[in-house]
Amino acid sequence: MSQVSVDEPKTSNRVRFELELEFVQALANPYYLHSLAQQGILNQPAFVNYLQYLLYWKEKEYARFVQCVSLNRHPVDLSS
């Protein structure tokens with residue numbers, strides 16, 4: 001039973017990592033961004049905060065997992 005409790009945080013962290021990676025890569029899709037903009041999601045403070053949180057993907061240790069090259073080439077300015 002203790003093995004299950006040890007594996008749960010690992011599994012939870014892996015799932016979170018994969019979900020956030022998939023979302024970061026989805027943001028490279030202009031059609032997806034357009035859809036978010038049309039729904040007004042890009043202007044929501046909670047969404048902007050989440051994007052700021054995701055900036056850790058720009059760090060070398062995480063950026064190596066991002067498959068979309070354009071995300072690594074173009075800086076993102078969320079300060080405006």
Search result, residues across region 2-54 that are in a loop (DSSP other than H, G, I, E, B) and not aliphatic (A, V, I, L, M): N29, Q39, G40, Q44
Among (1) at pLDDT 90 or above; (2) surrounded by fewer than 10 Cβ atoms within 10 Å (Cβ to Cβ), the one test that V4 misses: (1)
Subset of region 12-49 (residues that are among the small types (G, A, S) and surrounded by 10 or more Cβ atoms within 10 Å (Cβ to Cβ)): S12, A26, A28, S35, A37
Some residue of region 69-78 being modelled with pLDDT of 90 or more, in a helix (DSSP H, G or I) and not charged (D, E, K, R): no
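The values are calculated or read from the model by the stated rules, or taken from the named source; none is laboratory data. Small disclaimer: the values here were computed from a predicted structure and weren't measured. So basically every Cβ, Gly included, is an ideal-geometry build from the backbone, and we count neighbours across all protein chains shown.
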